[in-house]
Amino acid sequence: MHTRTVRKKCGVLRMSIVLVVLLVILAVLCAVSAAVGSAGYTIVEILQRTFEEGSNPVKVIVLNLRLPRILLAVLIGASLSSSGALLQSVMRNPLADPGTIGVSAGAATAASTILLLIPGMTGSLPLFAFAGAALACFLIYSMAWKGGVDPTRIILSGVAINSVLGAYTSLLQLLNSDSLSGVLAFMNGSLSGKSWYQFKTLAVYCIIGLILSFFCIKSANALQLGDEMAKSLGVKVNASRIFLSAVSAFLAASTVAVAGMIGFVGLVVPHIARLLVGSDYKAMLPVSIVLGADILLLADTIGRTIVPGMEIPVGIVMAVCGGPFFLYMLRKKGGNYGN
Amino acid sequence: MEIDACGLQVGYGDIIVVDEMDIHLHKGEITTIIGPNGSGKSTVLKALTRLLKYRKGSVYLNQKNLQKFESKELARCVGVLPQRHSAPPDFKVKDLVGYGRMPYQSWYKGNSAEDEKIIDWAMKATGVYEMREKSIQECSGGESQRVWIATVLAQQPDIMFLDEPTTYLDISHQLETMRLVKKLNRESGIGVVMVLHDLSQALEVSDRIVVIKDGKKYSEGKPEEVITQKMMWEVYHVECEIVWLKGRKAPLIAYKEIC
């Protein structure tokens, strides 16, 4: 009994160490991200100047421009990773991410329509993007429903509906190729020019979503054992699957509404978390959340500093750096997962 | 604890897989369902445990309609080991067995001291206690089957349903699994209902056998009464002799030479 509790503590210890390391990295990244940019400061300088009385350029840049952007990156990274982690259990498919359930395609459809056909309503873009994402997701689930929701049917109806919506978006873009810059920025997911206003809106949604995602841990774990096993353990499989999907759609749709489509985070981060702490959602979900925040903040910081005078959208940085890194992780520790 | 099914009809889409099925199961007995591929054995098992909906008929568990059970309440009475199950390869044995306690826990609670005790008991009873820290991927086929049985056992069900527990195992692991099932039944009085393909094993371990042919019950009774030359021919279209060997409790089936 004694060795048992000791061993149990070892598992918790491992997760705690990983979490603490990731949180330290997050703190360092926040500090670095606040310091670097077109105007570079040292950390000491930032600390001194922001606590000074009165207004000064350092204070304005750090507090009004960089800080909200840093916090947004953290929130979005956390939400997208949590969303992807939950969906991978819902679908029992390692390739599931928020794009699978139509969140990206739905938001893109709504955004292109607003930006290209009704530019007068650009101000309410986030609202429409959210609604589009939710609607596409609902459509996919209702098409997949046949006495219950089967993951394969969700994925297949997702492919079908995503392709229809994709075709519509492409057609719109072809017909309006002269005014595409706004749409392109949305499609590639960018945090450029985001302020406290967006942060405040998103914070409410994301925090609700993230709290809800912790309620999903037990059912996410049970779904990993297969539907029949989960059912015979007393889990309401359909209800769990829908609740988990709803939480992850809510999280992903909120981020899409504010920052556009940032791919790859929801797919890759849960896998890296799994390699670090294993498949148990009790450890994997919190680690995914913090790791997602780390990675998105890093990607955004790189994107806005690597080429002086130019911003590379975080979605593009994410895809370019994330892919090879993921492959590296897979080859290095692939024996544990994915066979 | 007993299960009473009457006039059961189960199907998928337009196809009726099982029809007019009456089955009566008791606590403490080992009942084996046999029959050719596609005859509806697994379907019966799933309908009895509510993994599948039935269209007609009724199932009563301790005189209570199966449909009236809460999911968790049902999971505390019957445990099912489905034919297909999977766990993430890095799950530890003791964690997987721990999932058997889910029907007793609310969604926010972890294992209580009582749960831990039962998990340990289930692992000891199935002989996997020594490898509790191993991950599933480190277990052999036979070991992992014992781990899954331990998971079902941790549910503390009155009746345990095993859907082809020996398929995909080599002969030594098949025998080991059967021995384990028999031992669990004898020692803790748990009822077992299983689907088997190996008729010799069915003959030896079962208290009762139900033969299913084309979705209907062909016969039911004590092993040696049910497994006869006539049944083998009518149900499986196989010629054989039932041979009694000296010193063995159960007869053997000698199939007609293949060529």
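May I ask you to say which residue of B:Asp163, B:Asp120 is within 11 Å of chain A (Cβ to nearest Cβ) and over 27 Å from B:Ser39 (Cα atoms)?
Answer to the selection: B:Asp120.
Could you please let me know if A:Val320 is farther than 21 Å from A:Ala39 by Cα, among the hydrophobic types (A, V, I, L, M, F, W, C) and modelled with pLDDT of 90 or more?
For A:Val320, the condition - farther than 21 Å from A:Ala39 by Cα, among the hydrophobic types (A, V, I, L, M, F, W, C) and modelled with pLDDT of 90 or more - is not met.
Within segment B:114-130, which residues are touching a residue at least 24 places away in the same chain (Cβ under 8 Å) and either charged (D, E, K, R) or in contact with an Asp or Glu (Cβ under 7 Å, 6 or more places away or on another chain) (or both)?
B:Val128
Could you grab me the full set of residues in segment A:81-129 that are in contact with a Ser or Thr (Cβ under 7 Å, 6 or more places away or on another chain), open to solvent by 10 Å² or more (accessible area, probe 1.4 Å) and β-branched (Val, Ile, Thr)?
Answer for segment A:81-129, where residues must be in contact with a Ser or Thr (Cβ under 7 Å, 6 or more places away or on another chain), open to solvent by 10 Å² or more (accessible area, probe 1.4 Å) and β-branched (Val, Ile, Thr): just A:Thr109.
Among the residues of segment B:75-92, count how many are at pLDDT 90 or above, more than 7 Å from every other protein chain (Cβ to nearest Cβ) and within 21 Å of the chain's Cα centre (by Cα).
4
Any residue in segment A:249-256 that is open to solvent by less than 10 Å² (accessible area, probe 1.4 Å), over 18 Å from A:Val74 (Cβ atoms) and either within 13 Å of chain B (Cβ to nearest Cβ) or within 18 Å of the chain's Cα centre (by Cα) (or both)?
Looking for residues that are open to solvent by less than 10 Å² (accessible area, probe 1.4 Å), over 18 Å from A:Val74 (Cβ atoms) and either within 13 Å of chain B (Cβ to nearest Cβ) or within 18 Å of the chain's Cα centre (by Cα) (or both), one finds at least one in segment A:249-256, hence yes.
For segment B:179-207, what are the residues that are within 19 Å of B:Gln156 (Cα to Cα), surrounded by 13 or more Cβ atoms within 10 Å (Cβ to Cβ) and not small (Gly, Ala, Ser)?
Scanning segment B:179-207 gives B:Leu180, B:Val181, B:Lys182, B:Lys183, B:Leu184, B:Asn185, B:Ile190, B:Val192, B:Val193, B:Met194.
Return a yes/no flag: does segment A:302-322 have any residue that is touching a Leu at 6+ places or on another chain (Cβ under 6 Å), surrounded by fewer than 22 Cβ atoms within 10 Å (Cβ to Cβ) and touching a residue at least 24 places away in the same chain (Cβ under 8 Å).
No, there is no match, as no residue in segment A:302-322 is touching a Leu at 6+ places or on another chain (Cβ under 6 Å), surrounded by fewer than 22 Cβ atoms within 10 Å (Cβ to Cβ) and touching a residue at least 24 places away in the same chain (Cβ under 8 Å).
State the number of residues belonging to segment A:64-81 that are among the hydrophobic types (A, V, I, L, M, F, W, C) and under 8 Å from the mean Cα position of the chain (by Cα). If you could, list the steps in order and put the result at the bottom.
Taking segment A:64-81 first, the residues among the hydrophobic types (A, V, I, L, M, F, W, C) are A:65, A:67, A:70-76, A:78, A:80.
Now narrow it down to the ones that are under 8 Å from the mean Cα position of the chain (by Cα): A:76, A:78, A:80.
Of the residues in that region, 3 qualify.
All but one of (1) open to solvent by 30 Å² or more (accessible area, probe 1.4 Å); (2) farther than 20 Å from B:Lys92 by Cβ; (3) of a type in the set (A, V, I, L, M, F, W, C) hold for A:Leu291, so report the exception by its number.
Only one criterion in (1) open to solvent by 30 Å² or more (accessible area, probe 1.4 Å); (2) farther than 20 Å from B:Lys92 by Cβ; (3) of a type in the set (A, V, I, L, M, F, W, C) is unmet by A:Leu291, namely (1).
Among B:Lys41, B:Lys72, B:Lys53, B:Lys27, which is the only one that is at pLDDT below 95, within 14 Å of chain A (Cβ to nearest Cβ) and farther than 16 Å from A:Gly234 by Cβ?
Numbers: B:Lys41 fails: within 14 Å of chain A (Cβ to nearest Cβ); B:Lys72 fails: farther than 16 Å from A:Gly234 by Cβ; B:Lys27 fails: within 14 Å of chain A (Cβ to nearest Cβ).
The unique qualifying residue is B:Lys53.
Could you give me the residue pairs with C-beta distances under 6 Å whose first residue belongs to segment B:66-95 and is within 22 Å of B:Trp107 (Cβ to Cβ), whose second residue is in a strand (DSSP E or B) and of a type in the set (S, T, N, Q) wherever it lies, and which are 6+ apart or on separate chains?
B:Lys92/B:Ser135
Okay, residues lined up against (1) more than 13 Å from chain B (Cβ to nearest Cβ); (2) more than 30 Å from B:Leu52 (Cβ to Cβ):
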residue: A:Leu174; (1), (2): yes, yes
residue: A:Phe186; (1), (2): yes, yes
residue: A:Ala222; (1), (2): no, no
residue: A:Ser245; (1), (2): yes, no
residue: A:Gly263; (1), (2): yes, yes
residue: A:Val269; (1), (2): yes, yes
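Looking at this structure, is B:Ala47 crowded, with 24+ Cβ neighbours inside 10 Å, small (Gly, Ala, Ser) and within 8 Å of chain A (Cβ to nearest Cβ)? Please lay out each step first, then the result.
On the way: crowded, with 24+ Cβ neighbours inside 10 Å: yes; small (Gly, Ala, Ser): yes; within 8 Å of chain A (Cβ to nearest Cβ): no.
Judged against the criteria, B:Ala47 is not a match.
Select from segment A:133-172 the residues that are open to solvent by less than 40 Å² (accessible area, probe 1.4 Å), over 13 Å from A:Gly99 (Cα atoms) and free of Cβ contacts under 8 Å to residues at least 60 places away in the same chain and list them in ascending order.
The answer is A:Ala144, and nothing else.
Whether any residue in segment A:227-249 is more than 30 Å from B:Gln155 (Cα to Cα) and assigned to a helix (DSSP H, G or I) is what I want to check.
Yes - at least one qualifying residue is present in segment A:227-249.
Which one of the conditions (1) without any contact (Cβ under 8 Å) to a residue 24 or more places away in the chain; (2) away from chain A (no Cβ under 12 Å) does B:Asn111 fail to meet, given that it meets all the rest?
Against the list (1) without any contact (Cβ under 8 Å) to a residue 24 or more places away in the chain; (2) away from chain A (no Cβ under 12 Å), B:Asn111 comes up short only on (2).
Which numbered condition in (1) open to solvent by less than 20 Å² (accessible area, probe 1.4 Å); (2) hydroxyl-bearing (Ser, Thr, Tyr); (3) within 10 Å of chain A (Cβ to nearest Cβ) is the only one that B:Tyr99 fails?
(1)
Within segment A:224-243, take every residue that is among the basic types (Lys, Arg) and within 7 Å of another protein chain (Cβ to nearest Cβ) and give me the one that is surrounded by the fewest Cβ atoms within 10 Å (Cβ to Cβ). Walk me through how you get there before you give the answer.
Applying the first criterion (among the basic types (Lys, Arg)) to segment A:224-243 yields A:231, A:236, A:241.
Subset that is within 7 Å of another protein chain (Cβ to nearest Cβ): A:231, A:236.
Working: A:Lys231: 23, A:Lys236: 15.
Ranking the candidates gives A:Lys236 first.
Could you tell me whether any residue of segment B:178-196 is free of Cβ contacts under 8 Å to residues at least 40 places away in the same chain and over 27 Å from B:Ser86 (Cβ atoms)?
Yes - at least one qualifying residue is present in segment B:178-196.
Looking only at segment B:138-155, which residues are over 15 Å from B:Thr177 (Cα atoms), part of a helix (DSSP H, G or I) and not aliphatic (A, V, I, L, M)?
If the condition is that a residue be over 15 Å from B:Thr177 (Cα atoms), part of a helix (DSSP H, G or I) and not aliphatic (A, V, I, L, M), then B:Glu138 is the only one that fits.
Looking only at segment B:197-222, filter to residues that are outside any strand (DSSP E or B) and without any contact (Cβ under 8 Å) to a residue 60 or more places away in the chain; which one of those is nearest to B:Gly11 (Cα to Cα)?
B:Asp198
Among (1) among the aliphatic types (A, V, I, L, M); (2) buried (at least 24 other Cβ atoms within 10 Å of the Cβ); (3) part of a helix (DSSP H, G or I); (4) within 14 Å of chain B (Cβ to nearest Cβ), there is one condition A:Leu275 misses while meeting the rest; what is its number?
Going through the list (1) among the aliphatic types (A, V, I, L, M); (2) buried (at least 24 other Cβ atoms within 10 Å of the Cβ); (3) part of a helix (DSSP H, G or I); (4) within 14 Å of chain B (Cβ to nearest Cβ), A:Leu275 breaks only (2).
Is one or more of the residues making up segment A:196-205 away from chain B (no Cβ under 13 Å), part of a loop (DSSP other than H, G, I, E, B), more than 19 Å from the chain's Cα centre (by Cα) and over 30 Å from B:Glu70 (Cα atoms)?
Looking for residues that are away from chain B (no Cβ under 13 Å), part of a loop (DSSP other than H, G, I, E, B), more than 19 Å from the chain's Cα centre (by Cα) and over 30 Å from B:Glu70 (Cα atoms), one finds none in segment A:196-205, hence no.
Scan (1) touching a residue at least 12 places away in the same chain (Cβ under 8 Å); (2) away from chain B (no Cβ under 14 Å) for the single condition A:Phe214 breaks and write down its number.
Here A:Phe214 meets the rest and fails (2).
Got a sec? Which of B:Leu199, B:Leu203, B:Leu175 is within 19 Å of B:Pro36 (Cβ to Cβ) and out of contact with any helix residue (DSSP H, G or I) (no Cβ under 7 Å at 6 or more places or on another chain)?
Of the residues listed, the single one that is within 19 Å of B:Pro36 (Cβ to Cβ) and out of contact with any helix residue (DSSP H, G or I) (no Cβ under 7 Å at 6 or more places or on another chain) is B:Leu199.
The values are calculated or read from the model by the stated rules, or taken from the named source; none is laboratory data. Only a predicted model underlies this, so the values are computations on that prediction, with no experimental measurement involved. Heads up, the Cβs are rebuilt from the backbone with ideal geometry, glycines too, and the neighbour counts pull from every protein chain shown. All accessible areas refer to the heavy atoms of the entire protein, side chains included, with ligands and DNA or RNA removed. Shrake-Rupley method; radii C 1.70, N 1.55, O 1.52, S 1.80 Å.
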